[in-house]
Amino acid sequence: MHISEGILTWPVLASGTAFAIAGTAIGLKKLKTQDIPKTAILSAAFFVASLIHVPIGPSSVHLILNGIVGILLGWAAFPAIMVALSLQALFFQYGGITTLGVNTLLMALPALLCYVFFKPFILGKNNSITLAAGFTGGAFSVFLSGILMAAFLVFAHRNFLEVSMAVIAIHIPIMIIEGIITMFCIGFLKKVQPSLLGT
Amino acid sequence: MLNEPFSIGNSFIHRTDPRLRLISAFVYSIVVAVLYGFPSLIASVGFSFALVRVAGLNGKAVLKRLALINGFVLLFWLILPFTAGGNILYSLGPLNIYETGVFLALQITLKSNAIIMAFIALVSTMNFSTLGHALNSLRLPQKFVFLFVLTYRYIFVIEQEYKKIWRSIKVRGFFPKTTIHCYKTYAYMIGMIFVKASARADRVYRAMLCRGFDGSFYTLAEYPSSGKNRLFLCLIFFCTFSIIFLEIVFHG
């Protein structure tokens with residue numbers, strides 16, 4: 001989910017943009033030219049994931065996958081997610097110019113934290129630890145995105161409190177699904193092509 | 001699933017230098033994003049609508065986009081008028097509709113639609129390669145532009161891989177349900193997309209190295225400055241300043 005244009009106030013927009021630019025600058029600095037194609041693949045996957053709808057009860061939700069992107073990319077998740085969001089703005093007008101920074105921050109910061117906290121467990125020999133870290137990482141990053149989004153809304157206007165509660169509530173089922181998908185996906189990659197995970 | 005319906009056209013806006021369009025969209029969006037007063041907001045919706053008209057875009061297609069994006073704004077309409085507090089505008093049984101909430105939701109709706117319409121008219125009217133070149137000549141970091149251009153290219157690769165795997169899953173009688181098996185299938189499909197696409201990315205990169213790629217991004221496109229570009233700039237500046245003027249006069 002993105003925060004649309006015209007909702008946040010300028011202090012929130014400006015500080016979100018500043019943090020997103022800082023993160024992206026660090027990510028770009030750490031990104032070697034020969035790794036750009038791999039990053040672009042994941043960035044494209046992040047874009048396409050938002051078009052894949054997964055059933056949940058009678059309804060369906062689209063995938064976010066910022067946990068996997070974080071685990072696979074580390075700091076490069078910032079530029080990768082910023083690029084994917086700019087393309088979404090270009091193609092579908094989800095988000096836009098003024099909210100690009102805020103949206104990047106709320107997707108990429110959890111991705112980065114997921115990398116910092118859960119990557120070490122994923123690389124280990126024990127498979128059940130890998131799966132557990134995958135689930136927690138995937139769920140955690142979506143939940144944190146929801147929390148950040150809610151926080152930005154409340155910072156923008158105190159009347160948005162109820163809306164941000166609704167935002168967090170919406171993120172809870174998505175969080176569980178993302179956890180399950182991330183868990184199986186990481187397990188799969190570890191079996192099929194561990195080099196993608198950086199082992 | 002991907003197309004750029006607005007990039008085809010031969011209007012005044014389509015022919016303007018894409019760098020100017022990007023910068024004006026940027027400045028204009030920021031100005032509209034910080035507005036509060038209704039006169040200036042209404043003026044900006046009018047101006048953005050005029051931009052869409054000048055770009056000669058298909059009205060139905062634009063409306064369809066706007067309807068999709070207003071989903072998030074709808075969430076505010078569903079909650080804000082009932083929770084904002086302050087003056088009661090109307091009582092609906094146990095529910096009170098508050099004035100502040102309605103105004104706030106209306107403000108958001110106007111802002112959001114004004115910015116998106118301007119974005120569609122100014123930015124979505126370029127095709128992707130033009131945008132890549134424009135970003136490059138605006139001196140964005142080279143790695144960023146390269147990542148941007150490659151990501152765009154790979155979206156179609158990934159989409160193809162996704163459709164291929166999805167077909168073979170369907171052929172085997174898969175039906176999406178809320179079960180662990182279904183989620184596992186999705187997860188393995190996504191994993192397989194990563195594996196296949198990264199192998200492909202690797203091949204593409206080696207082919208690029210063979211052709212002398214050294215990490216820099218060249219562009220052959222040139223944008224000569226013309227009277228039309230200057231006219232465009234004057235118009236955008238005039239409208240942006242009138243919106244700022246309205247804001248200061250009525251909401252100062």
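The values are calculated or read from the model by the stated rules, or taken from the named source; none is laboratory data. Computed from a predicted structure; not experimentally measured. Here Cβ is always computed from backbone atoms with ideal geometry, including for glycine, and neighbour counts include all displayed protein chains.
Evaluate the stretch A:149-159: report whether one residue or more is facing another protein chain (nearest Cβ under 9 Å), modelled with pLDDT under 90 and not in a helix (DSSP H, G or I).
Looking for residues that are facing another protein chain (nearest Cβ under 9 Å), modelled with pLDDT under 90 and not in a helix (DSSP H, G or I), one finds at least one in the stretch A:149-159, hence yes.
If residue B:178 satisfies every condition in (1) at the interface with chain A (Cβ under 7 Å from one of its Cβ atoms); (2) crowded, with 21+ Cβ neighbours inside 10 Å but one, which is the exception?
If we test residue B:178 against (1) at the interface with chain A (Cβ under 7 Å from one of its Cβ atoms); (2) crowded, with 21+ Cβ neighbours inside 10 Å, just (2) comes out false.
Say we look at the stretch B:208-225 and pick out the residues that are at pLDDT below 90 and assigned to a helix (DSSP H, G or I); which of these is surrounded by the most Cβ atoms within 10 Å (Cβ to Cβ)?
Going through the qualifying residues, I end up with B:208.
Taking the condition within 13 Å of another protein chain (Cβ to nearest Cβ), out of contact with any strand residue (DSSP E or B) (no Cβ under 8 Å at 6 or more places or on another chain) and small (Gly, Ala, Ser), does residue A:164 pass? Steps first, answer last, please.
Values: within 13 Å of another protein chain (Cβ to nearest Cβ): yes; out of contact with any strand residue (DSSP E or B) (no Cβ under 8 Å at 6 or more places or on another chain): yes; small (Gly, Ala, Ser): yes.
Answer is yes for this residue.
Wholly within the stretch B:75-188, which helices (runs of 4 or more DSSP H) include no fewer than the required count, namely at least 2 residues that are aromatic (Phe, Trp, Tyr) and within 30 Å of residue A:36 (Cβ to Cβ)? Spell out how you get there, then give the answer.
Working: elements: B:99-122, B:128-137, B:142-171.
By residue number, B:142-171.
Would you pick out the residues in the stretch A:1-49 that are facing chain B (nearest Cβ under 9 Å), surrounded by fewer than 23 Cβ atoms within 10 Å (Cβ to Cβ) and aromatic (Phe, Trp, Tyr)?
Residue satisfying the conditions is A:10 alone.
Can you tell me which of B:61, B:55 is touching a residue at least 24 places away in the same chain (Cβ under 8 Å), among the aliphatic types (A, V, I, L, M), exposed (fewer than 13 other Cβ atoms within 10 Å of the Cβ) and on the phi < 0 side of the Ramachandran plot?
Being touching a residue at least 24 places away in the same chain (Cβ under 8 Å), among the aliphatic types (A, V, I, L, M), exposed (fewer than 13 other Cβ atoms within 10 Å of the Cβ) and on the phi < 0 side of the Ramachandran plot holds for just one of B:61, B:55, which is B:61.
Considering each residue of the stretch A:23-50, count those that are under 15 Å from the mean Cα position of the chain (by Cα) and outside any helix (DSSP H, G or I), and give that number.
So the answer is 1.
Yes or no, residue by residue, for (1) among the β-branched types (Val, Ile, Thr); (2) crowded, with 22+ Cβ neighbours inside 10 Å:
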{"site": "A:129", "(1), (2)": "yes, no"}
{"site": "A:134", "(1), (2)": "no, yes"}
{"site": "A:139", "(1), (2)": "no, yes"}
{"site": "A:153", "(1), (2)": "no, yes"}
{"site": "A:157", "(1), (2)": "no, no"}
{"site": "A:162", "(1), (2)": "no, no"}
{"site": "A:173", "(1), (2)": "no, no"}
{"site": "A:176", "(1), (2)": "yes, no"}
{"site": "A:184", "(1), (2)": "no, yes"}
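For residue A:62, indicate whether it is of a type outside the set (S, T, N, Q), away from every other protein chain (no Cβ under 11 Å) and surrounded by fewer than 21 Cβ atoms within 10 Å (Cβ to Cβ).
Yes.
Residues in the stretch B:10-42 that are touching a residue at least 12 places away in the same chain (Cβ under 8 Å), within 18 Å of residue B:122 (Cβ to Cβ), of a type in the set (Phe, Trp, Tyr) and not in a loop (DSSP other than H, G, I, E, B): how many?
Final tally of qualifying residues: 1.
This table checks each residue for (1) at pLDDT 85 or above; (2) surrounded by fewer than 16 Cβ atoms within 10 Å (Cβ to Cβ); (3) not aliphatic (A, V, I, L, M).
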site: B:25; (1), (2), (3): yes, no, no
site: B:35; (1), (2), (3): yes, no, no
site: B:40; (1), (2), (3): yes, no, yes
site: B:48; (1), (2), (3): yes, no, yes
site: B:71; (1), (2), (3): no, yes, yes
site: B:105; (1), (2), (3): yes, no, no
site: B:112; (1), (2), (3): yes, no, yes
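Which of the numbered conditions does residue B:97 fail, given that it passes all the others? Conditions: (1) touching a Pro at 6+ places or on another chain (Cβ under 6 Å); (2) in contact (Cβ under 8 Å) with a residue 40 or more places away in the chain.
So the condition that residue B:97 fails would be (2).
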